[in-house]
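A short write-up of the structure that comes next.
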Amino acid sequence: MTHNIKITPCSVSKVSGLDFNNIPFGRVFTDHMFTADYIDGQWTNLEIKPFENLSLHPATLGLHYGQSIFEGMKATKHLDGTPLLFRPDQHAKRFNRSAQRMCMPTMPESMFLDAINALVGVEQHWIPSQKGSAMYIRPFMFATDEMVGVRPSDSYKMVIIVLPVGPYYTKPVSLIAAQNYVRAVKGGVGEAKASGNYAAAMLPSKMAKDLGYDQVLWLDPFEFKYIQEVGTMNIFFVMDGKVITPITDGAILHGITRMSIMDILQEKGYDVEERLISIDEVLDAHQRGTLTEVFGAGTAALVAAVSKLEIKGTVIELDWESATVGPEAKSYLNDLRDGTIKDTRGWIHPVELPVVEI
Ligand SMILES: *Cc1c(COP(=O)(O)O)cnc(C)c1O
């Protein structure tokens, strides 16, 4: 480790109170958290300490003007018990890209990686070993200047919290293509994991839920014609024997799962294309009976089968039980994450242990 992280252990771990076979999603936190401050042009106070509330001035800039970004990644356990991280270097790079877009400071990738390594190492007993379960890692950063006035903050706080999670989205999802609202536009902030993107999607997502759908399938903001992605997942279509995903055109988040699945499926011999996909093309393939599978891809779910898709009043039912491509990619990713399949691409990074005896 190149960065000095002060570690203050908690007195008693809460881990024995967790039922690893039944983990409520997103609500169970571990014993410690990582925090660091950006002050006077540098990152300082790198620290792992007992999990606690943050205390904030009411005029904390990030709360008012949205300079706030995050990442989402996972740690799993190798069958031999070693904690593993999946492509942490890519998450470090994306965190910096999000920061740049939101006029926030970047950090050395080594600082991001050391912080994740140290925190996951300290919390390794919280990583579930059940297949499909994992420790979700949530790094985030927000503006901390205490003032009212729109300008980039001078000071920032970075925090990392980790949560044990069970298998996510075990049920297939239903989607409805956007008709009145947009998520992102080229030149906007759709490529950043910026907090405001998710707030902006909440009303349309709620309306989709009221219509009986799980999530919105976002379309381009000009013609409502080209498919972008889902709220927290990129999207893949299997049409006419090809695996196709929308090209990242400046408004779509660069998913690391998306990128990994494209590689895996290409290597398995699939014809994988990254290009514009219009809703008409999907409707046409459906009518011709050649739309065989639709699935979402993201860290949380890895692969989520789409069982139903409504586009401009046409409801497409998909027989997800006979799907093969998505499940193949998903089990490959899960097998990589517990060492069942040997990693030949440098995607799997063992956590350096021991960080500290606790
Ligand atoms: C995080 C996210 C994804 C998935 O990215 P992964 O790196 O695969 O987790 C896709 N779309 C949006 C909008 C996201 O926020």
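The values are calculated or read from the model by the stated rules, or taken from the named source; none is laboratory data. Because the structure is a prediction, the values reported are computed rather than measured. Neighbour counts are summed over all protein chains in view; Cβ atoms, including those assigned to glycine, are modelled from backbone coordinates with ideal geometry. SASA here: full protein model, heavy atoms, side chains in, ligands and nucleic acids out. Shrake-Rupley method; radii C 1.70, N 1.55, O 1.52, S 1.80 Å.
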Point to revise | Filter pass, K77 being away from the ligand (no atom under 16 Å from the Cβ) and either in contact with a helix residue (DSSP H, G or I) (Cβ under 9 Å, 6 or more places away or on another chain) or not basic (K, R) (or both) | key: yes
Practice item. Scan A329, A305, A323 and give me the residue that is hydrophobic (A, V, I, L, M, F, W, C), more than 28 Å from N197 (Cβ to Cβ) and in contact with a strand residue (DSSP E or B) (Cβ under 7 Å, 6 or more places away or on another chain). Key: A323
Check your understanding: Pick from P105, P139, P88, P83: which is open to solvent by less than 10 Å² (accessible area, probe 1.4 Å) and touching a Phe, Trp or Tyr at 6+ places or on another chain (Cβ under 7 Å)?
Key -> P139
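Which of the following residues is surrounded by 15 or more Cβ atoms within 10 Å (Cβ to Cβ) and of a type outside the set (K, R): F25, F34? Talk me through it step by step, then tell me what you get.
Numbers: F25 fails: surrounded by 15 or more Cβ atoms within 10 Å (Cβ to Cβ).
Answer to the selection: F34.
Would you check if there is a residue in the range 298-313 being farther than 26 Å from E71 by Cβ, loosely packed, with under 14 Cβ neighbours inside 10 Å and within 25 Å of the chain's Cα centre (by Cα)? Step through it out loud before you land on a result.
If we filter the range 298-313 for residues that are farther than 26 Å from E71 by Cβ, which is where we start, we get 307-313.
Among the residues that remain, those that are also loosely packed, with under 14 Cβ neighbours inside 10 Å are: 312-313.
Next, only the ones that are within 25 Å of the chain's Cα centre (by Cα) stay: none.
No, the range 298-313 contains no residue that is farther than 26 Å from E71 by Cβ, loosely packed, with under 14 Cβ neighbours inside 10 Å and within 25 Å of the chain's Cα centre (by Cα).
Any idea which of K330, K342, K312 is basic (K, R) and at positive phi? Don't jump to the end; show me each part of the working.
Working: K330 fails: at positive phi; K342 fails: at positive phi.
Testing whether each residue is basic (K, R) and at positive phi leaves just K312.
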Check your understanding: With respect to G289, is the statement that it is touching a residue at least 12 places away in the same chain (Cβ under 8 Å) and out of contact with any Leu (no Cβ under 7 Å at 6 or more places or on another chain) true?
Key -> no
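To keep it simple, each residue is scored yes or no on (1) more than 14 Å from L353 (Cβ to Cβ); (2) within 14 Å of the ligand (Cβ to nearest atom).
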| position | (1), (2) |
| --- | --- |
| R87 | yes, yes |
| F95 | yes, yes |
| P108 | yes, no |
| D114 | no, no |
| H125 | no, no |
**Study point:** Sole residue being over 24 Å from Q100 (Cα atoms) and touching an Asp or Glu at 6+ places or on another chain (Cβ under 8 Å), chosen from I264, I235, I277
**Key:** I235
Check your understanding: Can you name the condition, by its number, that E321 falls short on among (1) farther than 30 Å from A115 by Cβ; (2) surrounded by fewer than 14 Cβ atoms within 10 Å (Cβ to Cβ); (3) at pLDDT 95 or above?
Key -> (3)
Review point. Tell me, which residue of the range 160-195 that is in contact with a strand residue (DSSP E or B) (Cβ under 7 Å, 6 or more places away or on another chain) and assigned to a loop (DSSP other than H, G, I, E, B) is surrounded by the most Cβ atoms within 10 Å (Cβ to Cβ)?
Key: K193
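Conditions (1) part of a strand (DSSP E or B); (2) not hydrophobic (A, V, I, L, M, F, W, C), marked per residue:
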{"position": "I23", "(1), (2)": "no, no"}
{"position": "F34", "(1), (2)": "yes, no"}
{"position": "D37", "(1), (2)": "yes, yes"}
{"position": "E52", "(1), (2)": "no, yes"}
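Of the residues A75, A59, only one is touching a residue at least 40 places away in the same chain (Cβ under 8 Å), among the hydrophobic types (A, V, I, L, M, F, W, C) and closer than 17 Å to F142 by Cβ; which? Explain how you work it out, then say what you get.
Numbers: A75 fails: closer than 17 Å to F142 by Cβ.
Only one candidate passes the filter, namely A59.
Of all residues in the range 125-144, which are assigned to a loop (DSSP other than H, G, I, E, B) and either of a type in the set (G, A, S) or not assigned by TED's automatic domain parsing to the domain that holds D89 (or both)?
Of all residues in the range 125-144, those assigned to a loop (DSSP other than H, G, I, E, B) come to 127-133, 144.
Listed by number, the residues that qualify are S129, G132, S133.
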